[in-house]
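**Q** My questions all concern the structure below.
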Amino acid sequence: MDILNWLFTQDQNLIKTTINNKNTDLIAMAADVSFDKRSDKWQTYAMTAANFAPALYDTANVTQLTSNNTNVTVNAHTGVITLFGTINTSSQASFGVRNTKVTANSKIFLQLSHTAGISVVISQVTIEAPTAGTFGIQITNGAGAPLTGVKIHYMIID
């Protein structure tokens, strides 16, 4: 987008701060293409809002291989860790996550999901303090039934 188009967009109040439809709304961007010998060195392009968020944060998924206490490696800012098996009543699962995106100052958010069919579940997911390249997760099942299909959804913010 050249400067005149940008000024026109601002002047006409066409800059929006919300998305109407993530599948059709486009986000305009520009890339430095000075290697192409263009006179203005910038090339305009766009992508849908639906594709923009995943482009900001990479996503990856991993499944534990041998037990609910098996460490995993997943090198992305967001994703899903699928546990190996069922977490029985009044038991715990504890494992490490190796991830190159993690620093000692990272903020890590976790969300537990499962397919146990239990309407009231009292379970706890605890995160151990991150260090460069790793953090730990502990899941305690306080429900009255085993938890099946357990997944941990995570997001790392630097």
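**Q** Filter region 104-120 down to the residues that are outside any strand (DSSP E or B), surrounded by 15 or more Cβ atoms within 10 Å (Cβ to Cβ) and not small (Gly, Ala, Ser), then identify the one that is modelled with the lowest pLDDT.
**A** Ile118
**Q** For region 131-141, give me the residue count where each residue is assigned to a loop (DSSP other than H, G, I, E, B) and surrounded by 13 or more Cβ atoms within 10 Å (Cβ to Cβ).
**A** Looking only at that region, the number is 1.
The values are calculated or read from the model by the stated rules, or taken from the named source; none is laboratory data. Quick caveat: nothing in here was measured; it's all calculated off a predicted structure. As a convention, Cβ positions derive from the backbone with ideal geometry for all residues, glycine included, and neighbour counts pool all protein chains shown.
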